[in-house]
Amino acid sequence: MLDVRDARLNSLRRELARLIAAAVPEEGRRETAVPGLMLVRRVRPTAPMPVCYEPGLALVAQGRKELELPVRTLSYDASRFLITSLDLPVLSRVVEASPERPYLCMLLRLDMQVVRELLALGEIAPARLEDGADAMAVGETTPELLDACCRLVRLLERPQDIPFLSPLLQREIIYRILQSPAGARLRDIATIGSHGHRMARVIDWIRENYMRPVRVEDLARMAAMGLSTFHHHFRALMAMSPLQYVKQVRLQAARELILGGGMDAASAAFAVGYQSPSQFSREYKRYFGVPPSQHLAAVRPAGTAAAPARTRFASVRPDVRLA
């Protein structure tokens, strides 16, 4: 017989699934009127796709998803939430979904200022940061976290309540995350002066300046670390080297220029910082599995002129998503 806690968890999961299914009646992703909240519905498993997860929470009501990092694979479902503390490139795929039982998930961007405000209160017992913990973790979905998420999504049924109640509920959700072991890295990154916080500044700089020449020595200096120490902490946090991270950010930005703007491969290559279009095409195919010309053909009819290259490179930002 299920105990009271399990019975409550199952009831809350069904309620969250109902709310998401009602808000997203067909397959796809929906940006909602609640700031930072997106809802997702998939009716079949998906192929692995390179994406960049931004700082946020992914909480599944039904189905399962897997993320492939360079050194490990993470899986999350209705019993385990995903927390991402920094912009992190991964291979993402839905592994459990069907028309009868679709994959249903809520995604919530985290406001790091709210994280710092809650930590400043000094009333949240610190979770131990495990050795080797990186910028992405899974944690047990508790009734308290699930209840707060249900109440947040339920605001879509009463949009007049969103401006007042949404900030309060999002603070509660962040509080619940920080109480869990999975929130330890989030606490570290939000703590000014910590290694995690200094690395977060470097990641932010890369995201805004990836189209320019990048020297690892300059990144280490920005983090106030020696070169070998910087390499060690970067790999521990991002599961890849700094230059690998820069390359993946550039390739994802180029994909957005091609798919979103119909830019030809050579123009996209130069826009994101490549000096050699042939090298760009090789690395693009290795990363996405198809050459840039195939992505371009999918969005631009034959004989159509290419979109002009952008001149303000800083405005070109890679696709960043949660799921």
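The values are calculated or read from the model by the stated rules, or taken from the named source; none is laboratory data. Predicted, not measured: the structure shown is a model, and the values here were computed from it. With ideal geometry, Cβ positions are generated from the backbone for all residues, glycine too; neighbour counts draw on all protein chains shown.
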Report task. Sort out which residues of region 51-78 are of a type in the set (A, V, I, L, M) and over 12 Å from residue 90 (Cβ atoms), and write them in order of number. Result -> 57, 59, 60, 61, 78
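So that you can scan it fast, the table gives a plain yes or no per residue for (1) farther than 20 Å from residue 78 by Cβ; (2) surrounded by fewer than 19 Cβ atoms within 10 Å (Cβ to Cβ); (3) at pLDDT 95 or above:
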{"position": "130", "(1), (2), (3)": "yes, yes, no"}
{"position": "137", "(1), (2), (3)": "no, no, no"}
{"position": "141", "(1), (2), (3)": "no, no, yes"}
{"position": "148", "(1), (2), (3)": "no, no, yes"}
{"position": "178", "(1), (2), (3)": "yes, no, no"}
{"position": "186", "(1), (2), (3)": "yes, no, no"}
{"position": "189", "(1), (2), (3)": "yes, no, no"}
{"position": "208", "(1), (2), (3)": "yes, yes, no"}
Query raised in the report: Hey, among the residues in region 157-176 that are of a type outside the set (A, V, I, L, M), in contact with an Asp or Glu (Cβ under 9 Å, 6 or more places away or on another chain) and closer than 17 Å to residue 122 by Cα, which one's surrounded by the most Cβ atoms within 10 Å (Cβ to Cβ)?
Result: 176
Query - Lone qualifier among 171, 207 - being touching a Leu at 6+ places or on another chain (Cβ under 9 Å), not β-branched (Val, Ile, Thr) and not in a loop (DSSP other than H, G, I, E, B) - result: 171
Query raised in the report: Pairs, please: C-beta under 7 Å, at least 6 apart or cross-chain, first residue exposed (fewer than 15 other Cβ atoms within 10 Å of the Cβ) and in region 29-41, second among the hydrophobic types (A, V, I, L, M, F, W, C) and assigned to a strand (DSSP E or B)?
Result: 31/38
Requested in this report: Check whether at least one residue in region 22-34 is of a type outside the set (A, V, I, L, M, F, W, C) and closer than 26 Å to residue 205 by Cβ, and report yes or no.
Outcome: no
